[in-house]
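The values are calculated or read from the model by the stated rules, or taken from the named source; none is laboratory data. A quick note: this is a predicted structure, and the numbers were derived from the prediction, not measured. All Cβ positions, even for glycine, are placed from backbone atoms using ideal geometry, and neighbour counts span all protein chains on display.
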Amino acid sequence: MLTKFESKSARVKGLSFHSKRPWILASLHSGIIQLWDYRMKTLIDKFDEHDGPVRGIHFHNAQPLFVSGGDDYKIKVWNYKTRKCLFTLLGHLDYIRTTFFHHEYPWIISASDDQTIRIWNWQSRQCVCVMTGHNHYVMCAQFHPTDDLVVSASLDQTVRVWDISGLRKKNVYSSPDTIQSQIQRTTGTPDLFGQADAIVKHVLEGHDRGVNWATFHPTLPLIVTAADDRVVKLWRMNENKAWEVDTCRGHYNNVSCVIFHARQDLILSNGEDKSIRVWDMTKRVAINTFRRENDRFWILTIHPTLNLFAAGHDNGMIVFKLERERPVYAVVGNLVYYVKEKYLRRLEITTSKDVPLMQLRSGPRAPYYSMSYNPAENAILLTTRVPAQPDTSIYDLYTIPKDAGESASAAQNPDAPEGRRSSGLNAVWVARNRFAVLDKNHVILIKNNKNEITKKIQLANCDEIFYAGTGLLLIRENDHISLYDAQQKRSLATVRIGKAKYAIWSNDMNYLSLLAKHQLVICNRKLEQLCIIQENVPVKSGAWDDSGVFIYTTSNHIKYALVNGDHGIIRTLDLPIYITKIKGNSVFCLDREVRTRLLNIDPTEYKFKLALINRKYDEVLHMVRTAKLVGQSIIAYLQKKGYPEVALHFVKDEKTRFGLALECGNIDV
């Protein structure tokens with residue numbers, strides 16, 4: 001589990017992700033609703049109008065609205081732009097447990113301890129339907145993501161599926177509107193023998209205690225439920241009936257909440273046994289358990305579009321991912337090798353030709369961690385790391401078939417080359433026919449192409465290795481990186497950087513950029529530090545362009561860094577990307593869905609600064625005259641670097657010109 005953000009607060013009873021922005025709402029037992037930016041890790045706003053705990057919370061998927069329901073029997077609809085509560089819906093006679101917007105119609109569904117479920121129209125601000133039938137508190141009620149169905153869970157130990165197509169036909173205007181129905185709608189006379197608003201379609205019985213949560217699968221006819229009998233149950237339904245498929249056992253206290261994973265066959269549940277559990281939906285077995293010391297979990301939610309989850313507990317909440325989403329790739333010249341859906345693929349940057357090369361054999365349930373390519377032997381090393389279980393980490397050695405990518409049949413070849421597999425945390429090439437493996441005991445093994453050990457290097461604190469050219473390795477120990485000669489078994493140079501995650505060499509191998517989570521260090525071939533740049537959001541990836549500028553990405557920007565330490569923003573990003581190659585004004589990259597993308601950037605600013613550093617003044621003056629470089633920052637930059645005469649070209653303002661002219665000692669200007 002990769003924790004992206006943690007908040008400390010009173011007990012969190014409800015959570016909702018915003019569909020577009022990096023925001024999450026948390027409703028607290030203290031009556032406050034918090035709005036957090038989980039990317040910047042800051043509290044944006046808080047809303048405090050409910051008396052007592054707020055259990056229901058939900059963002060609207062299109063409007064700037066959210067809905068909340070509390071123990072004060074009130075449902076409130078808020079506009080987060082104006083930061084005001086727009087109106088309050090009254091009608092429930094006891095605590096409100098959940099509130100959800102409909103994905104399409106202007107409806108809100110609420111579940112309450114008064115044993116009813118209500119559907120409200122938030123445009124007319126009226127209650128349009130009261131669903132009765134449960135004979136204990138209704139803990140949860142949700143709309144189906146596409147159909148006219150509702151699922152509800154109650155402490156009466158049942159789960160009910162309701163058909164609300166009658167309600168839709170009465171309330172949602174459809175085009176062939178008869179006079180009769182218009183009269184009926186305006187006069188409000190009931191349709192005596194018409195369809196009821198909501199009919200109970202299925203009653204699911206099987207839990208031995210009260211049911212706390214029930215939810216539909218996003219695409220399949222499945223329901224998952226969580227209850228006080230400490231189990232999670234999976235149900236299937238069709239038009240006529242619903243039946244229990246299986247039970248997931250493992251929690252040893254009440255299960256509070258459960259959800260389906262949108263993209264994988266997984267179920268996530270959490271509960272009062274202070275754990276979050278991940279279940280395989282097909283085998284119905286627990287794959288993973290994440291425990292907290294002393295906080296019971298109450299709520300679990302999934303992001304509508306991203307691979308993000310959030311869980312609320314006694315002392316706050318956590319936003320987390322189950323696994324890394326970083327695509328694995330290796331770049332050689334104009335070729336990018338990358339893995340997508342069990343295939344090794346090759347992208348030629350010059351021609352944009354993208355072909356599958358071969359199918360890879362399946363490994364442990366974890367994404368690939370790293371890739372190292374050997375152009376001499378046309379071979380790759382792929383490592384797989386299972387988080388928190390270093391003993392199960394493995395690497396695969398494959399030789400890419402000669403005709404791969406030339407014909408369509410080669411990629412579909414069922415008897416794809418059998419890779420050699422061994423255990424190891426990481427594997428990188430050190431020569432044409434040698435590679436280094438870091439094993440779980442932190443010993444570096446040098447192996448040949450037949451996967452036979454030729455040499456062992458004992459290093460006490462080594463916890464990561466990186467590529468460094470022929471015969472050499474970069475070795476990470478504690479808070480520094482060393483350049484290590486694998487032949488002579490000695491360290492040649494070191495540089496200090498805390499927990500570097502990636503090492504990126506320039507095309508001529510003269511510069512090295514080391515990326516840590518919030519830091520970037522650029523050094524030369526001898527590992528002499530040239531500059532260090534701090535970031536407050538995670539650094540994701542980077543590549544060197546041909547002129548010696550390092551272009552890198554953070555979670556929300558593409559930035560540049562020059563070897564003298566100057567750096568700045570090139571453009572903003574909505575979602576993280578991973579740079580593979582820079583060519584002129586084009587950035588080639590992969591996104592988290594492993595789609596190859598090309599982004600255009602404006603290199604004027606860093607090219608201008610580069611020309612100044614390299615003292616190419618004719619280039620500088622050419623750019624001054626032609627490029628659209630304006631702004632205080634460039635003038636301040638030129639002044640700071642001691643080029644007031646260049647700055648004069650940019651300035652129209654008399655006062656500033658006079659100051660700059662004095663600095664040049666050229667008052668005639």
Practice task
Looking only at segment 318-330, decide whether some residue is touching a Pro at 6+ places or on another chain (Cβ under 8 Å), at pLDDT below 95 and over 17 Å from Gln264 (Cβ atoms).
Solution key: yes
Fill in the blank from the handout: Just one listed residue, out of Asn507, Asn461, Asn478, is closer than 21 Å to Leu425 by Cβ, in contact with an Asp or Glu (Cβ under 8 Å, 6 or more places away or on another chain) and not hydrophobic (A, V, I, L, M, F, W, C), and it is Asn461
Practice task
Determine if segment 112-131 includes at least one residue that is assigned by TED's automatic domain parsing to the domain that holds Asp208, of a type in the set (A, V, I, L, M), more than 21 Å from Leu222 (Cβ to Cβ) and part of a loop (DSSP other than H, G, I, E, B).
Solution key: no
Handout entry: Elements of type strands (runs of 3 or more DSSP E) in segment 461-510, at least 1 residues being surrounded by 14 or more Cβ atoms within 10 Å (Cβ to Cβ) and under 27 Å from the mean Cα position of the chain (by Cα)
Key = 462-467, 472-477, 502-505
Exercise for the section: Just name the residue that is nearest to Ala330 (Cα to Cα) out of those in segment 341-364 that are in a loop (DSSP other than H, G, I, E, B) and aliphatic (A, V, I, L, M). Expected result: Ile349
Handout entry: Hey, Asn315 in contact (Cβ under 8 Å) with a residue 24 or more places away in the chain, over 15 Å from the mean Cα position of the chain (by Cα) and under 24 Å from Arg592 (Cα atoms) or not
Key = no
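Every residue, every condition in (1) under 21 Å from Lys13 (Cβ atoms); (2) part of a strand (DSSP E or B); (3) within 34 Å of the chain's Cα centre (by Cα), yes or no:
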{"residue": "Thr82", "(1), (2), (3)": "no, no, yes"}
{"residue": "Leu93", "(1), (2), (3)": "yes, no, no"}
{"residue": "Thr99", "(1), (2), (3)": "yes, yes, yes"}
{"residue": "Glu104", "(1), (2), (3)": "no, no, yes"}
Exercise for the section: Kindly indicate whether Lys81 is of a type in the set (D, E, K, R), touching a strand residue (DSSP E or B) at 6+ places or on another chain (Cβ under 8 Å) and closer than 30 Å to Asp574 by Cβ. Expected result: no
Handout entry: Criterion: buried (at least 23 other Cβ atoms within 10 Å of the Cβ), of a type in the set (S, T, N, Q) and in contact with a Phe, Trp or Tyr (Cβ under 8 Å, 6 or more places away or on another chain) - qualifying residue of Ser27, Ser16
Key = Ser16
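For Val285, indicate whether it is surrounded by fewer than 20 Cβ atoms within 10 Å (Cβ to Cβ), modelled with pLDDT under 95 and farther than 21 Å from Ala226 by Cβ.
Values: surrounded by fewer than 20 Cβ atoms within 10 Å (Cβ to Cβ): yes; modelled with pLDDT under 95: yes; farther than 21 Å from Ala226 by Cβ: no.
No, not satisfied.
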Handout entry: Single residue of segment 310-356 satisfying the filter (among the hydroxyl-bearing types (Ser, Thr, Tyr) and touching a strand residue (DSSP E or B) at 6+ places or on another chain (Cβ under 6 Å)) that is surrounded by the fewest Cβ atoms within 10 Å (Cβ to Cβ)
Key = Tyr343
Practice task
Find the residue count for segment 231-246, including only residues that are surrounded by fewer than 22 Cβ atoms within 10 Å (Cβ to Cβ), outside any loop (DSSP other than H, G, I, E, B) and either basic (Lys, Arg) or without any contact (Cβ under 8 Å) to a residue 40 or more places away in the chain (or both).
Solution key: 5
Completion exercise
Taking first residues from segment 366-393 that are free of Cβ contacts under 8 Å to residues at least 12 places away in the same chain and second residues anywhere that are part of a loop (DSSP other than H, G, I, E, B) and of a type in the set (Gly, Ala, Ser), the pairs with Cβ under 6 Å that are 6 or more apart or on different chains are none
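Can you go through Gly70, Gly56, Gly91 and tell me which one is surrounded by 23 or more Cβ atoms within 10 Å (Cβ to Cβ), out of contact with any helix residue (DSSP H, G or I) (no Cβ under 8 Å at 6 or more places or on another chain), farther than 30 Å from Leu575 by Cβ and of a type outside the set (A, V, I, L, M)?
Gly70
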Handout entry: Filter result for Asp147 (more than 32 Å from the chain's Cα centre (by Cα) and in a loop (DSSP other than H, G, I, E, B))
Key = no
Practice task
Restricting attention to segment 574-607, report how many residues are basic (Lys, Arg) and modelled with pLDDT under 85.
Solution key: 1
Handout entry: Enumeration of residues in segment 249-275 that are of a type in the set (Ser, Thr, Tyr) and assigned to a strand (DSSP E or B)
Key = Ser256, Ser269, Ser275
Practice task
Specify which of the listed residues (Leu514, Leu575) is at negative phi, of a type in the set (A, V, I, L, M) and assigned to a strand (DSSP E or B).
Solution key: Leu514
